[in-house]
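Report on the following structure.
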There are 4 protein chains.
Amino acid sequence: MRIGVLTSGGDCPGLNAVIRSVVHRAVGDHGDEVVGFHDGWRGLLEGDHRPLDLDAVAHILAAGGTILGSSRVRPEQLRDGVERAREHLARLRLDAVIPIGGEGTLKAARLLSDAGLPVVGVPKTIDNDIAATDATFGFDTAVGVATEALDRLKTTAESHQRVLIVEVMGRHTGWIALHAGMAAGAHAIVVPERPFDVDELTAVVGKRFEAGKRFAIVVVAEGAKPREGSMPFETGGTDVYGHERFAGVARQLAVELERRLGKEARPVILGHVQRGGTPTAYDRVLATRFGRHAVEAAHRGEFGMMTALRGTEITLVPLAEAVARLKTVPDERYAESECVL
Amino acid sequence: MRIGVLTSGGDCPGLNAVIRSVVHRAVGDHGDEVVGFHDGWRGLLEGDHRPLDLDAVAHILAAGGTILGSSRVRPEQLRDGVERAREHLARLRLDAVIPIGGEGTLKAARLLSDAGLPVVGVPKTIDNDIAATDATFGFDTAVGVATEALDRLKTTAESHQRVLIVEVMGRHTGWIALHAGMAAGAHAIVVPERPFDVDELTAVVGKRFEAGKRFAIVVVAEGAKPREGSMPFETGGTDVYGHERFAGVARQLAVELERRLGKEARPVILGHVQRGGTPTAYDRVLATRFGRHAVEAAHRGEFGMMTALRGTEITLVPLAEAVARLKTVPDERYAESECVL
Amino acid sequence: MRIGVLTSGGDCPGLNAVIRSVVHRAVGDHGDEVVGFHDGWRGLLEGDHRPLDLDAVAHILAAGGTILGSSRVRPEQLRDGVERAREHLARLRLDAVIPIGGEGTLKAARLLSDAGLPVVGVPKTIDNDIAATDATFGFDTAVGVATEALDRLKTTAESHQRVLIVEVMGRHTGWIALHAGMAAGAHAIVVPERPFDVDELTAVVGKRFEAGKRFAIVVVAEGAKPREGSMPFETGGTDVYGHERFAGVARQLAVELERRLGKEARPVILGHVQRGGTPTAYDRVLATRFGRHAVEAAHRGEFGMMTALRGTEITLVPLAEAVARLKTVPDERYAESECVL
Amino acid sequence: MRIGVLTSGGDCPGLNAVIRSVVHRAVGDHGDEVVGFHDGWRGLLEGDHRPLDLDAVAHILAAGGTILGSSRVRPEQLRDGVERAREHLARLRLDAVIPIGGEGTLKAARLLSDAGLPVVGVPKTIDNDIAATDATFGFDTAVGVATEALDRLKTTAESHQRVLIVEVMGRHTGWIALHAGMAAGAHAIVVPERPFDVDELTAVVGKRFEAGKRFAIVVVAEGAKPREGSMPFETGGTDVYGHERFAGVARQLAVELERRLGKEARPVILGHVQRGGTPTAYDRVLATRFGRHAVEAAHRGEFGMMTALRGTEITLVPLAEAVARLKTVPDERYAESECVL
């Protein structure tokens, strides 16, 4: 069998572990040939690729980033490119292609699959917002990095007697905010799923100070927004890919809380550091399992599917289902944080 | 409501997070009173306890160990102590007791529950070997510590051109060996579930050297044993609690592999470092959820149950089910490691 | 002997280790009594204190922050407070006071010493900018945190094909930028000691892209400034303590580099995370040694001095010398980074 | 100029950083050519080498191990090999050779230098026992790994109410034991420089238990020995290189302390994990500086020298001085640990 693999979208710890696992299973066990497309969909659309043998994936299991590169492609570029993709697959005599990527990539994968191309997707998002799988690799690492930062920031907030508003990743969902906030014992957690009332938030933080505490940590997902009219708020607009731009919610919230509480409040934006570098053991194992099962699906001819974790097992779910809806933080999970706003 | 809590058995990252969560939910939200028994079952049998308010659990979320202490108690001590436990619960006017512990503790919990005491268990094992739950806190931390050690050892094995036999925890099951081995890219993984054939293992490692590689990492669970007759092997006997003693499998294996391969082979025993210290974010979140749900179960009067993770949800399972059987590494999971012996 | 201790200024990993060491040496070895003043100089000026015995400093060696709290005090407040400080020392029958703090604190310490009070200072700055000592605790931790972040950011910059401008602490000196940049292999390092020419910086980064590299990491100290006229630049002004405000150099530089290079450039501001949390082993050892030697100096009556590291030895230097000049990055050290602008 | 480089002896975090720095400075700045010898002295004696250009050292700054490999060579092999080394240098037209290694390597370097070969040494030892330099890279990483392990072990020792005897590296000197023990707050530190009296050690640990503490951590360097007659003790003999073998002091001490104290005592041997993996920022900076200065020395023709850290500066010291004596832990430094036996 000949298999193509590509990585698309933002950086995510575990991408290399998936690539390695695909090659180990396909080349090492099945005697397949594997090629890697460069820079995600661009490589597939332009036929830009290189062969991947066992040596090519030595030493990459624990490495962040992706040895294949990545890039963002606008949906319409891909729609127009289906035929070109088909030609390149034919020319390269590929029997299957395994795209590893987030929501946009999986939608593109479905497009190709609907056009009859032999696709098995591997979901990738540090945001953990794909409903069809219990977990995605990268999320655990992102939460770990954010938690370690929060552990450090707590002592500084306390020494300086400040409110720290710590912005973590999550444009549409608050999973990183929820988990890192719970893991670090944040005093308030603000998620995109629930527009926050700044009066309530002020009250929560204010109560801590009244009780004699001298600092507070508020974790806020970058996509969180105030309830309309609750406070002045500038949105960030959208970029050329149609994605919402960063609005700087922590910065805006820090100004507002400082004004209302009369306490020093400072924003801390963790940023890209959450999505790079060596993956946790959890993410390496999950990524390795995803890669292996994607190859197995290809060998069984189960195309149009995506690997998924359900409980402790890896299963396959239709790509159609995978992108049907976002996995948002439900009220019961948010309640478990004891930080309900 | 008045609730007692205790921690029993070996150290496990996340114990303090459970205690904190129980107190936060019970005292903070429900207005309950909570007491903590000292040193596990000993505290309950002797009525040795202290009140736990919100201040008592400040700053412990990320701390390893247990603020309540722990101890090991022989099963027969507990059997004889049911009536004393009942008296202490009555005297302290406790409406529920939440023991946090491993297989032995959950068996004891069931004993008390069968005797009519109001018990909600919280499972604890770094070994991840309780079948009724998808995961237990402490396991992720143990795997993380072992993986980090393996990452470091790999460079040394390579520089020194050696075979390193790295012994990780797991007396009866190989979960830590499997996950850490997969996460770190071990070349062989030896688990208690499958007595190993030393000829096969020698062949696997030998093939690497023949292929020009200059080192190998073998991960072995402490409870792993050679297939009978496959090599000379001393077992460790049993201790006063009836637990199997440490047999030093890595040490014995290193001698055997060095002799057979003619390559330097060295044992590394990771030991206690896997079960102490600050828990990972994953374990802190799971522990926090377990603590909260145990309190909720007590408030709903659902006794004789244990908290469990199923997929992404916390559920309750009967204590009877919890201890019915060990969760061992199934062949399909072992196969995913590409290290099948 | 009776000794007072206080911590002043911004958070710094190792403060608790000094406090613990002072108490261990004074109380444990000499049989002294120690009191801790709350919130730095404020505590001394108001006589707000508590006794510190051995139990009070258990478990704090590895903890970030300071159990005594800290605060910033304006120089004139202190000048006016010398007599009050003298009264409180007399009332509390203190034979020595050990202030732990940065440049401002050591200046204040000198003021009190010149007024005849028995002071032994312990230098504290994550910036490493005190000339009289080879190193200060906190710096190694800050560099470690920044380096770990840079390690992670490198993979993301590469995957995303971006220029990342990473802003680290250092208002007046570039030590953190220099060390973290060298440790992580940054492609350009910008320090306050050398106003940068944005043309040169653009050329350095541009050359990388011309050579086929697909990303670049620029490390910039928060106090760095462009050579006058080299690019539009807004300064941050000064705050009520007379300290320069944060100018957002990374943000301004990212806009400028993106415009000039036609490559995506993004700022990452590491911020407070560099100055909180558990200290490295290096910082714990240095802090412990400083604490001990400060007590010894007090016992020998060597007042008006500050502890300092010279080579591998702890010595005492006059407070006057300690604050005479800032330790800036000399050209030869900057040259060692291979990132000369 | 043409420069040869080799790494010899045991693994040490920072070796790759030196190699990279040599190549960056020599090839990148001076336009030199650099070759790397494989497996230490073996490569030089056999002329086994490869060219090292800038690409060859990309991505290795933070990597543990050595891309050149290492090996141990008996002193007499080297003595007999001087002429062969001379021939290979001549044949490869090398103007300088930079061996990176420990005491044995530096002695060999001196041998070659005395025979007229153009040698500049770079000292390498995780043990920190070379008197001519304030510090060597690798030591900080080893201490950091040991400290992190001790932090974790403390909670387990406390939960299990045990004495843990933690064995760290250090055959002849106790620097790692001293620093890690101080950083982690060990209750006793045992170093090779001072044969310990087991009665005293028992008294120190016993006193803790009498004072109501429930655990103790003893850090012991692998080369530590009891005062003669103080307890039964098996030594490990010597290996083929004339090095003392591992005696298992922690294991022997645990048995003895358990017997004497009537408390559970367990040995933990940290082992190889201390000498592998990614170096700390401190070690990466020091290694990078050493590499650069070695190249500069070669360009200035300063042969027969070794790079050294003195205070904050890198200097050169004669190889003769470098190996004249071991840097042992002096009594005053040991006293600072508050763990004097």
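Every read-out reported here was derived from the displayed coordinates using simple, explicitly stated rules and does not represent laboratory data. No experiment lies behind these values; they were computed from the predicted model shown. Neighbour counts run over all protein chains shown; Cβ positions are idealised from the backbone, glycine included.
Above 21 Å lies some portion of the pair distances; for segment B:1-88, what is it as a whole percent of all C-alpha pairs? Result for the distance tail: 30 percent. Shape annotation for the protein assembly as shown: C-alpha extents along the principal axes are 79, 74, 69 Å, from largest to smallest. Distances between placed amide hydrogens fall under 5 Å for C:VAL166 paired with C:VAL218, C:VAL219, C:VAL220, C:VAL268, all partners being 5 or more residues away or on another chain. The modelled label-to-label distance between A:GLU313 and A:ALA131, using points 7 Å beyond Cα along the C-beta direction, is 2.2 nm. Binning all Cα-Cα separations of segment B:141-275 at 10 Å, short to long from zero, yields these whole-percent fractions: 13, 47, 33, 6, 1.
Sorted shortest first, the distances from the D:PRO318 label point to those of the same residue in the other copies are 3.8, 8.4, 8.5 nm; each point sits 7 Å from Cα along Cα-to-Cβ. I'd like the FRET efficiency for A:ASP48 and B:ALA115, computed as 1/(1 + (r/R0)^6) with the beta carbon distance as r and R0 of 51 Å, rounded to 0.05. Efficiency, from the Cβ-Cβ distance: 0.15. Applying 1/(1 + (r/R0)^6) with R0 = 56 Å to the Cβ-Cβ distance of C:LYS107 and B:ASP199 gives a FRET efficiency near 0.15. The loop-placed GluC sites (Glu not before Pro) in segment C:1-93, going by DSSP, include none that has at most 10 neighbouring Cβ atoms within 10 Å of its Cβ.
According to the square roots a ≥ b ≥ c of the eigenvalues of the Cα gyration tensor, what is the shape class of segment A:44-160, taking rounded for a/c under 1.5, prolate for a/b larger than b/c otherwise, and oblate for the remainder? Mind dumping the intermediate values first?
On the way: a/c = 2.86, a/b = 1.98, b/c = 1.45.
Since a/c reaches 1.5 and a/b is larger than b/c, the shape of segment A:44-160 is classed as prolate.
For chain A, the square roots of the Cα gyration tensor eigenvalues, ordered a ≥ b ≥ c, give a/c of at least 1.5 with a/b greater than b/c, which places it in the prolate category. The peptide list B:231-238, A:7-14, put in order of mean Cβ contacts within 10 Å with the highest first, becomes A:7-14, B:231-238.
Rounded to the nearest 500, the 222 nm mean residue ellipticity of the protein assembly as shown from helices alone is -12000 deg cm²/dmol, with -39,500 (n - 2.57) taken per DSSP H run of at least 4 residues. Shown here for segment A:191-236: trypsin sites (Lys or Arg not before Pro) in loop regions (DSSP other than H, G, I, E, B) with at most 15 other Cβ atoms within 10 Å, namely A:LYS213, A:ARG214, A:ARG227.
Extent of segment D:103-215 along its three principal axes (Cα atoms, max minus min coordinate, largest first): 65, 28, 18 Å.
For the rotational copy relationship between C and D, the axis lies nearest to a chain C beta carbon, identified with its distance in whole angstrom as C:GLY311, 2.
By DSSP, the beta bridges lying fully in chain C are antiparallel in about 30 percent of cases. Residue by residue along A:15-25, Cβ atoms of other protein chains within 10 Å of the local Cβ number 1 on average. How big is the gap, in Å, between the Cα center of segment A:120-151 and the Cα center of segment D:92-160? What the calculation gives is 39 Å, centre to centre.
Sorted by average packing, counted as other Cβ atoms within 10 angstrom per residue and highest first, what order do D:129-138, B:141-150 take?
Values: D:129-138: 23.5, B:141-150: 27.3.
Ranked from most to least packed, the peptides come out as B:141-150, D:129-138.
For each pair in A:LYS154/D:LYS207; B:LYS327/D:LYS263; A:LYS124/B:LYS107; A:LYS213/C:LYS327; A:LYS225/C:LYS124; A:LYS154/C:LYS124, compute the distance between the two Cα atoms and list the pairs where it is over 31 Å.
Values: A:LYS154/D:LYS207 36 Å; B:LYS327/D:LYS263 33 Å; A:LYS124/B:LYS107 40 Å; A:LYS213/C:LYS327 37 Å; A:LYS225/C:LYS124 40 Å; A:LYS154/C:LYS124 19 Å.
With Cα atoms farther than 31 Å apart: A:LYS154/D:LYS207; B:LYS327/D:LYS263; A:LYS124/B:LYS107; A:LYS213/C:LYS327; A:LYS225/C:LYS124.
Computing FRET efficiency as 1/(1 + (r/R0)^6) for A:LYS213 and B:ASP29, where r is the C-beta to C-beta distance and R0 is 22 Å, gives about 0.75. The angle between the Cα long axis of helix D:175-184 and the longest principal axis of the Cα atoms of chain D comes to about 50 degrees, rounded to the nearest 10. Counting other Cβ atoms within 10 Å, keep those with at most 15, restrict to DSSP loop, and tell me which trypsin sites (Lys or Arg not before Pro) in segment B:235-330 are left. When the trypsin sites (Lys or Arg not before Pro) of segment B:235-330 are filtered for loop state and at most 15 Cβ neighbours within 10 Å, B:ARG245, B:ARG300, B:ARG325 remain. DSSP bridge analysis restricted to the protein assembly as shown gives an antiparallel fraction near 30%, rounded to the nearest 5. Relative to the longest principal axis of the Cα atoms of chain C, helix C:139-160 runs at roughly 20 degrees. Copy-to-copy label distances for A:LEU92, where each label lies 7 Å from Cα along Cα-to-Cβ, are 4.0, 6.5, 7.1 nm in order of increasing length. Using only the alpha-carbon atoms, how far is helix C:198-210 inclined from the longest principal axis of chain C? Give it as 0 to 90 degrees, nearest 10. Helix C:198-210 and the main axis of chain C meet at about 60 degrees.
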